[in-house]
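Below you'll find the structure, written out as C-alpha cells, and then a few comments.
The values are calculated or read from the model by the stated rules, or taken from the named source; none is laboratory data. Nothing here was measured: the structure is a model prediction, and the numbers come from that model. Glycine also receives a Cβ, built like all others from the backbone with ideal geometry; neighbour counts cover every protein chain displayed. Ligands, DNA and RNA are stripped out before the accessible areas are found, and what is left, the full protein with its side chains, is counted by its heavy atoms. Shrake-Rupley method; radii C 1.70, N 1.55, O 1.52, S 1.80 Å.
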Amino acid sequence: MSEFSELLERNRDFASKVDLRMLAMPAAMPDRQLLVLTCVDPRVEPAGFLGLGMGDAGVLRNAGGRVDDRVMQDIAYLAMRLGVRMDVAVIHHTQCGTGMLAESAFRRAYAGRTDLDDADLAAKAVTDPAGTVRTDIAKLLSSPLLSSDLVASVSGHVLRLETGLVETVVEAAALDQPYTAQP
C-alpha cells in the first residue's frame with residue numbers, strides 16, 4: 001500500500017465521523033476570521049501547536065511562512081470571498097530549513113531551478129525568526145493591496161521547536177496603525 005493509500009483510508013474514517021455541516025460554507029460568516037501564515041515544515045502543524053479545530057482559522061503555508069505578493073493576494077481574496085476582515089497571525093519557527101537559503105552554494109543551486117534571483121532567495125531565509133516576523137509584519141502593514149476593510153489586525157509570533165511554545169514578537173496591530181520594526 002502506498003503512503004497515499006493509507007491517507008485515503010484515514011479519509012474514509014474521517015468522512016464517516018465528521019459532521020458534514022462543518023465542511024459547508026456557513027450562511028453567515030462572523031465579521032472577523034483568524035488567518036494563520038506559517039511554514040510548510042511538517043513539524044509545524046498549526047492544528048497541533050495552536051489546538052485549532054476545523055473551521056477555527058484559515059491557514060496559509062509556504063516555505064518559511066514568509067509574506068510575499070502571493071500571500072498578500074491570497075489574504076485579500078479570502079477576505080473578499082468570505083466577506084470578513086482577517087486577523088492575520090504570522091508564525092515563523094526556530095530550526096527553519098529556509099536557513100539553507102543563507103548559504104550561497106545551496107541558494108545558487110536552488111536558484112537554477114526557480115525564477116527567483118539570488119537576492120530574492122537570500123531574503124527568504126529564516127535564520128532569525130523574530131527578525132523575519134518583524135519584517136513580514138511591516139510588509140503586511142504597508143501593503144497597498146491590504147486595507148482595513150480586508151484585514152482587521154496583524155500579529156507576529158515565533159514557535160520555538162525546542163520547547164513547543166509560541167512567543168509573541170509583534171502584538172496585534174490594526175492596519176491603520178503605523179508600525180516600525182523593532183530589533
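Compare the peptides 142-149, 166-173 by average per-residue count of other Cβ atoms within 10 angstrom and give them in order, highest first.
Output ranking for 142-149, 166-173: 166-173, 142-149.
In Å², what does the accessible area per residue of the chain work out to with a 1.4 Å probe?
Values: 10670 Å² over 183 residues.
About 58 Å² of surface per residue is accessible.
Within the stretch 78-167, the proportion of Cα pairs with more than 15 Å between them is 66 percent. Within the accessible area of the stretch 111-183, the carbon and sulfur atoms contribute 51%, probe 1.4 Å, all protein chains present.
If DNA, RNA and ligands are ignored and the probe is 1.4 Å, what is the ranking of 120, 136 by accessible area, most exposed first? All intermediate terms of the calculation are to be shown ahead of the outcome.
On the way: 120 75, 136 0 Å².
Output order, biggest surface exposure first: 120, 136.
Rolling a 1.4 Å probe over the protein heavy atoms leaves residue 5 with an accessible area of roughly 40 Å². Of the residues 90, 132, 40, the one whose Cα sits farthest toward the positive end of the charge dipole of the chain, with +1 on the Cβ of Lys and Arg and -1 on the Cβ of Asp and Glu, is 40. In the set [x] 49; [y] 44; [z] 66, the label that goes with percent of Cα pairs over 23 Å apart computed for this structure is [x]. Given +1 at the Cβ of Lys and Arg, -1 at the Cβ of Asp and Glu and no other charges, the dipole of the chain around its Cα centre is 180 debye to the nearest 20.
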